[in-house]
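Asker: Encoded as structure tokens, here's the structure I'll be asking about.
The values are calculated or read from the model by the stated rules, or taken from the named source; none is laboratory data. These figures come from a predicted structure and were not determined experimentally. Ideal geometry is used to build each Cβ from the backbone, glycine not excepted, and the neighbour counts take in all protein chains shown.
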């Protein structure tokens, strides 16, 4: 699929991933601060500590 241009390979923290070309357009661009969000302690993502650690490496 990479040879056909259907997916592109990207590297994040020296780990290789694949995504569609349209999804990779924003990589490397600085996001405006207006997109900043805060997770509240009652948010399901924060309540599930093991999942938070696994996905974001954050405890």
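Asker: Within the set of pairs 6 or more residues apart or between chains, which connect a residue that is closer than 22 Å to residue 12 by Cβ inside the range 47-59 to a residue that is not in a helix (DSSP H, G or I) with Cβ atoms less than 6 Å apart?
Answerer: Pairs found: 52/58; 53/59.
Asker: With the checklist (1) modelled with pLDDT of 70 or more; (2) over 13 Å from the mean Cα position of the chain (by Cα) in hand, flag the one item residue 59 doesn't pass.
Answerer: Evaluating residue 59 over (1) modelled with pLDDT of 70 or more; (2) over 13 Å from the mean Cα position of the chain (by Cα) leaves (1) as the failure.
Asker: Also, quick follow-up: Restricting the first residue to the range 22-34 and requiring it to be surrounded by 10 or more Cβ atoms within 10 Å (Cβ to Cβ), which pairs with a second residue that is at pLDDT 75 or above meet a Cβ separation below 7 Å and a spacing of at least six or different chains?
Answerer: From the range 22-34, the pairs are 24/8; 24/10; 27/10.
Asker: If you go through the range 3-56 one residue at a time, how many are part of a loop (DSSP other than H, G, I, E, B) and either more than 15 Å from the chain's Cα centre (by Cα) or at pLDDT 80 or above (or both)?
Answerer: 16
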